[in-house]
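First comes the structure, then the notes that go with it.
The values are calculated or read from the model by the stated rules, or taken from the named source; none is laboratory data. These numbers come from a predicted model, not from an experiment. In this analysis, Cβ positions are derived from the backbone assuming ideal geometry, glycine residues included, and neighbour counts consider all displayed protein chains.
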Amino acid sequence: MTVLLVFSASLVRADEHQLMINGKITSQNGAIYFSPGDMAASSPIEVVTNSPWTTGKTRFRGVLLRDILDKVEADGSVLKATAADGFTVDIPISDAEEYKVIIAYKMDGEWLEEGVYAPFWIIYPYDTDKNLAQEKYYGRSIWQLTKITVE
Ligand SMILES: Nc1nc2c(c(=O)[nH]1)N[C@H]1C(S)=C(S)[C@@H](COP(=O)(O)O)O[C@H]1N2
Ligand SMILES: [Mo]
């Protein structure tokens, strides 16, 4: 009975509406979960930028990736990011240190749309640093982000 309860609880937690961070972090259970509401409770930050997916300047709101990594005490060099659509990409932790990379949960004042970009979207300030407006960083701009494994 206990096993069944634990199993169903983990199924509920590992869903498409939140972000699970695991791997080389400090956690008693091996993973830490954030819903968009949890993220919105932290200091919000905005990145206003053009992007390949939007028309004109778009206002992305989220939290600094480096702040979240600090919060979970990430101790590694690479983030293995996974999306609900099955897409995966490696993001060097150095990106979070060098650039104002955010984990976005809102776009132009609206929560990211379910089944499209929700719950989270990694966004770089593509306009601020021309170096960021290239395929390498677009490819790391994973939407429907649901899992980060710190390695
Ligand atoms: N969840 C998710 N995020 C993703 C992708 C994807 O397929 N799924 N494609 C990535 C890649 S490889 C690139 S170059 C950019 C842009 O993809 P697009 O040009 O197909 O829109 O989004 C990135 N983020
Ligand atoms: Mo790509």
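Determine whether the range 54-76 contains at least one residue that is within 15 Å of ligand 2 (Cβ to nearest atom) and acidic (D, E). No, that holds for no residue. Scanning the range 120-151 for residues that are touching a helix residue (DSSP H, G or I) at 6+ places or on another chain (Cβ under 7 Å) and either farther than 19 Å from A74 by Cβ or modelled with pLDDT under 95 (or both) returns P125, Y126. Per the listing G139, G86, G109, the residue uniquely on the phi > 0 side of the Ramachandran plot and within 15 Å of ligand 1 (Cβ to nearest atom) is G86. Which of the residues that make up the range 98-137 are surrounded by fewer than 18 Cβ atoms within 10 Å (Cβ to Cβ) and under 19 Å from A84 (Cβ atoms)? The answer is E110, W111, E113, E114, G115, V116. Considering each residue of the range 83-92 in turn, at least one proves to be over 13 Å from the mean Cα position of the chain (by Cα), acidic (D, E) and either within 14 Å of W143 (Cα to Cα) or buried (at least 16 other Cβ atoms within 10 Å of the Cβ) (or both).
Listed here are the residues, each with its yes/no results for (1) over 18 Å from E113 (Cβ atoms); (2) among the β-branched types (V, I, T); (3) touching a helix residue (DSSP H, G or I) at 6+ places or on another chain (Cβ under 9 Å).
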site: K24; (1), (2), (3): yes, no, no
site: G30; (1), (2), (3): yes, no, no
site: Y33; (1), (2), (3): yes, no, yes
site: I45; (1), (2), (3): yes, yes, yes
site: K57; (1), (2), (3): yes, no, no
site: G62; (1), (2), (3): no, no, yes
site: L65; (1), (2), (3): yes, no, yes
site: L69; (1), (2), (3): yes, no, yes
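The residue that is nearest to D75 (Cα to Cα), counting only those in the range 1-31 that are among the β-branched types (V, I, T) and at pLDDT 95 or above, is I25.
Of all the strands (runs of 3 or more DSSP E) wholly in the range 51-151, which have at least 3 residues that are touching a residue at least 40 places away in the same chain (Cβ under 8 Å) and closer than 15 Å to Q18 by Cβ?
Numbers: elements: 58-64, 78-83, 88-92, 102-107, 121-123, 145-150.
Result: 78-83, 102-107, 145-150.
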